[in-house]
Amino acid sequence: MLLLRCPLLLLLLLLLPLSSRPQKLPTRDEELFQMQIRDKAFFHDSSVIPDGAEISSYLFRDTPKRYFFVVEEDNTPLAVTVTPCDAPLEWKLSVQELPEEASGEGSGEPEPLEQQKQQITNEEGTELFSYKGNDVEYFVSSSSPSGLYQLDLLSTEKDTHFKVYATTTPESDQPYPELPYDPRIDVTSLGRTTVTLAWKPSPTASLLKQPIQYCIVINKEHNFKSLCAVEAKLSSDDAFMMAPKPGLDFSPFDFAHFGFTSDNNSGKERGFLKSSSKFGRQTSSKPRVDLHKVCIGNKNIFTVSDLKPDTQYYFDMFAVNTNTNMSTAYIGTFARTKEEAKQKTVELKDGKVTDVFIKRKGAKFLRFAPVSSHQKVTFSVHSCLDAVQIQVRRDGKLLLSQNVEGVRQFQLRGKAKAKYLIRLKGSKKGASMLKILATTRPNKQSFPSLPEDTRIKAFDKLRTCSSVTVAWLGTQERNKFCIYKREVDDNYNEEQKKREQNQCLGPDTRKKSEKVLCKYFHSQNIQKAVTTETIRGLQPGKSYLLDVYVIGHGGHSVKYQSKLVKTRKFC
């Protein structure tokens with residue numbers, strides 16, 4: 001029987017004098033033990049491993065730690081599990097014989113006290129098992145000898161947490177969920193932003209009917225071998241360990257390591273903790289790792305979404321016994337999401353206008369490769385709806401990155417045999433439409449020039465029951481202007497007007513009956529480039545939507561901002 005019942009056991013073995021008469025080591029008080037196991041603080045910082053309960057502890061780098069437990073009877077089943085959290089561990093399990101007096105089977109005079117203590121503490125004992133690495137590793141024996149067992153642990157990389165579980169009844173305890181015969185995670189579906197995973201259920205849930213939930217871990221770095229390692233990585237900084245409570249096995253170095261002030265006065269050992277609400281621990285400025293954990297209940301299929309295209313992800317699955325909060329790792333997997341659908345690159349021809357449609361939040365790529373040498377290249381962009389973003393690269397070098405509303409023209413320095421890649425990014429609000437022209441001939445201007453202000457102004461004082469007077473700005477370039485009117489309902493509002501603000505729709509889309517007039521206009525003095533027009537033949541008390549189109553030499557038109565007007569009802 002494994003006597004891990006009380007921390008006093010270690011004191012009995014190592015610190016207290018043995019009596020002069022033969023004695024037997026304490027036997028287990030099951031009721032007392034269960035009470036102690038429920039009280040997790042009971043074994044905090046203890047060097048004794050309890051039977052049938054997982055303990056969590058810590059290691060300082062290059063500072064070994066030793067745990068003890070006693071097996072009283074020969075041929076006792078024994079299982080020991082060590083779980084490293086975020087650093088590889090070196091650990092060794094060994095056993096040494098108990099003194100005859102301690103086993104209760106000896107007779108005669110007891111051995112001197114010092115000799116008995118040396119037998120227990122100074123002998124190295126027989127090594128049963130050793131391991132070095134970051135795997136969850138087990139020692140299992142169906143028939144273990146009686147004796148004092150020692151578990152020695154060491155971390156050479158960094159301070160770390162770890163977990164230990166030991167039991168003398170491994171067949172009946174089964175605190176860790178059992179893995180199925182095929183513990184792999186299958187990738188059943190792969191998309192650009194989604195991955196669907198499936199796995200076989202744990203027999204602990206399907207056969208033993210114990211409460212099991214599955215937790216999925218997703219990251220871009222590597223697979224994890226334990227949930228303990230995941231939780232350590234999820235911590236907000238490198239010093240993820242909670243500072244342990246002061247105890248007999250702490251030195252001033254231990255507290256200084258966690259940021260505590262060293263105090264040589266043992267009488268104030270606990271008092272200095274109250275002097276400040278902050279422990280002074282130095283937190284790391286390293287950004288939080290891109291690691292996600294989600295627990296999904298007892299389902300055995302799950303789709304991970306919101307992933308990035310063409311990115312490799314690692315997936316781990318842990319079965320967690322919700323009664324014991326102990327977990328077992330499935331064999332992790334990895335997968336690369338599919339690439340974004342390759343954009344078809346549209347070839348631009350010199351001096352020819354190209355219509356482009358872009359989905360909401362989408363992008364389009366265009367290519368311009370002049371056939372002749374050139375000193376300059378001009379890009380003219382007419383955004384029909386909301387603003388779009390244009391980027392121009394020449395042979396891979398970024399030359400231009402701008403947001404465009406209305407009509408914009410960009411002139412860049414040319415280069416022999418250069419190739420230009422244009423990226424157009426749409427609006428977040430909705431789909432985008434635009435016209436684009438690229439040319440190496442500076443006089444080739446298909447789009448008309450526009451003033452900075454494309455609003456139409458209505459003069460309220462000149463408004464009558466049958467006419468309205470409006471004005472708009474022109475430019476120094478002689479262009480053709482056409483004005484159109486359309487009667488609308490009285491409840492026509494700005495939102496409806498906004499939906500009709502496609503500046504790329506020209507006069508050819510309007511009814512002939514809506515046309516008011518066309519005229520040519522320009523002014524060398526930009527300050528005087530203003531024209532007015534009175535629109536007659538309207539109905540009293542009616543609302544009208546007015547549109548002005550400016551038509552360039554190439555025949556392409558641009559619409560000014562629409563204007564809603566209303567005639568007087570009584571004159």
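The values are calculated or read from the model by the stated rules, or taken from the named source; none is laboratory data. These figures come from a predicted structure and were not determined experimentally. Virtual Cβ from ideal backbone geometry, glycine too; neighbours counted across all protein chains shown. Remember, those area values only see protein heavy atoms, side chains included, never the ligands or the DNA or RNA. Shrake-Rupley method; radii C 1.70, N 1.55, O 1.52, S 1.80 Å.
What the table shows:
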read-out	value
Separation of the Thr509 and Ser467 label points, Cα + 7 Å toward Cβ, nm	3.1
Dipole moment magnitude, nearest 20 debye, the stretch 346-439 about Cα centre, only Lys, Arg, Asp, Glu C-beta charged	340
Cα convex hull of the stretch 312-459, projected area averaged across orientations, nm²	16.2
Distant-in-sequence amide H partners of Val468 (H built 1.01 Å from N, under 5 Å)	Ile535
Vicinal HN-Hα couplings computed from phi for the stretch 452-468 (Karplus, 6.51 cos²θ - 1.76 cosθ + 1.60; Hz; Gly/Pro x)	5, 10, 10, 7, 9, 9, 10, 9, 5, 5, 8, 6, 10, 6, 10, 8, 9
Filtered chymotrypsin sites (Phe, Trp or Tyr not before Pro), the stretch 181-225: DSSP coil and at most 14 other beta carbons within 10 Å	Tyr181
Kirkwood estimate for the stretch 456-566, i.e. one over the average of 1/r between Cα atoms, Å	14.7
Under 16 Å from the Ile296 label point (7 Å along Cα→beta-carbon), backbone N, the stretch 196-219	196-202, 212-219
Chain lengthening between Ile526 and Lys200 when straightened (0.36 nm per residue, less Cα-Cα)	109.6 nm
Whole-Å distance, taken between Cα centres, linking the stretch 338-362 and the stretch 365-389	12
Portion, in percent, of the accessible area of the stretch 346-439 that falls on carbon or sulfur, probe 1.4 Å	47
